[in-house]
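Here's the structure, in structure tokens; my notes come after.
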Amino acid sequence: MIGKKTSLKDIAQAVGVSTALVSYVLNNKKEGRINKDVAKQIRKVAQELNYQPNQIAKSLKTNKTFTLGLVVADIGNQFSSSLARYIEDEADARNYTVIYGSSEENPAKCQKLITTLLNRQVDGLLICAPDGSESQIADLQRQHVPFVLIDRYFPNLKTNYVALDNFQSVRKAVLHLIDSGYRRIGLVTFKTGLFHISERTRGYRAALADNAIPFKKSWLKEINRDNLKPEIAKAILELATGKNPVDAIVFTSNTLSINGLKEIKKLSVRVPDEMAVVSFDETEAYDLFYAPPTYLKQPVEEMGRLATTILLEAITANNRITQASLEATLVVQASTKPAVFTDK
């Protein structure tokens, strides 16, 4: 049997003060006008009596539930799990709780999660939108739901977002390879309509053009996410073998990187002696590769904390649109040491 919940009145009687004073202390109000020792005693007694605030009553009074909804792409992916952790940390510091789910890059599941979260009366949403969800985001705008897009956004919609400057990030990686002596540079990316992925491809092609390196269609491999492993195996085989194989590969996600490195190892292609590699995102799995890959490190903590801050501002009726594009850091490791081989 569940015992009687501790009330403000119970705490007030135990300390010998008014119920109103207990309420002020536990809600952090009028702090400068309350004796510090008394406030300390109230909090101590509240903890001893296992006081739990009535969130339903609080929500009715403030018209807020102090919960945020988060939709990530794939909670099993290190980028998504790290992002969720930093969002939770920032929300917790501001007395909010986060409820989250994974869309698994499926727009139908994304819609179901959004609907569920809104039915739970979350105060706002943080969304890593999958391909095909643009209409869902437009609906949220029409409903005046506070939300912030993270990592992915739609250039045709004027929304709050926090994302990477994907064009400049991949351009930076390709320029690093070119500066290191590599000229036949392949790109392995996803076949998708998502803007942030297309920007990575655009950055790759721009870096080649800036250095008068003619782009070859055979260097660009677009992978269908639903047929991931066999398509990556085919792509790496085509890039690494033949009369004129590439001398470097850039992967545009950590999922592609990890699977691609496995295929490179199967083919016994020596990295970086025969092929340089640049990966995306930070993951401990890279340390297991005999030549730890150079990678683009996204500012995941900054993305999560900034997105949460922007959302909380939007919840408080801030009508300003905030759009932030952050820079990736190129972490140079053994996989891209300067080329010493001659043209094949």
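The values are calculated or read from the model by the stated rules, or taken from the named source; none is laboratory data. Just so it is clear, the model here is predicted, and its values are computed rather than measured. Here the Cβ positions follow ideal geometry from the backbone for every residue, glycine too, while neighbour counts run over all protein chains shown. Calculation scope for accessible area: heavy atoms of the full protein, side chains included, ligands and nucleic acids excluded. Shrake-Rupley method; radii C 1.70, N 1.55, O 1.52, S 1.80 Å.
Here are a few things to note about the model shown:
- So residue 91, is it surrounded by 14 or more Cβ atoms within 10 Å (Cβ to Cβ), under 14 Å from the mean Cα position of the chain (by Cα) and modelled with pLDDT of 90 or more: no
- Residue within region 26-40 that is modelled with pLDDT of 85 or more, surrounded by 17 or more Cβ atoms within 10 Å (Cβ to Cβ) and not small (Gly, Ala, Ser) present: no
- Looking across region 129-151 at every residue that is touching a residue at least 60 places away in the same chain (Cβ under 8 Å) and open to solvent by 20 Å² or more (accessible area, probe 1.4 Å), the one that is nearest to residue 87 (Cα to Cα) is identified as 146.
- Residue within region 290-302 that is β-branched (Val, Ile, Thr) and open to solvent by 20 Å² or more (accessible area, probe 1.4 Å) present: yes
- Among the residues of region 181-194, none qualifies, meaning not one is more than 18 Å from residue 278 (Cα to Cα), polar (S, T, N, Q), surrounded by 20 or more Cβ atoms within 10 Å (Cβ to Cβ) and touching a strand residue (DSSP E or B) at 6+ places or on another chain (Cβ under 8 Å).
- Taking the criterion of being assigned to a loop (DSSP other than H, G, I, E, B) and in contact (Cβ under 8 Å) with a residue 60 or more places away in the chain, the residues of region 75-96 that qualify are 77, 94, 96.
- Helices (runs of 4 or more DSSP H) (entirely within region 97-207) containing at least 1 residues that are of a type in the set (Phe, Trp, Tyr): 166-179
- Qualifying residue in region 320-341 (condition: at pLDDT 95 or above, among the hydroxyl-bearing types (Ser, Thr, Tyr), under 19 Å from the mean Cα position of the chain (by Cα) and buried (at least 22 other Cβ atoms within 10 Å of the Cβ)): no
- For the residues 268, 257, the requirement of being among the hydroxyl-bearing types (Ser, Thr, Tyr) and without any contact (Cβ under 8 Å) to a residue 24 or more places away in the chain singles out 268.
- Residues of region 105-112 include none that is open to solvent by 60 Å² or more (accessible area, probe 1.4 Å) and of a type in the set (Asp, Glu).
- Yes/no for residue 116 being under 25 Å from residue 225 (Cα atoms) and among the polar types (S, T, N, Q): no
- Condition met for residue 157 (more than 30 Å from residue 243 (Cα to Cα), surrounded by fewer than 23 Cβ atoms within 10 Å (Cβ to Cβ), under 16 Å from the mean Cα position of the chain (by Cα) and of a type in the set (A, V, I, L, M)): no
- Residue count, region 210-266 (criterion: over 19 Å from residue 285 (Cα atoms) and not in a helix (DSSP H, G or I)): 19
- Boolean, residue 242 is out of contact with any Asp or Glu (no Cβ under 9 Å at 6 or more places or on another chain) and on the phi > 0 side of the Ramachandran plot: yes
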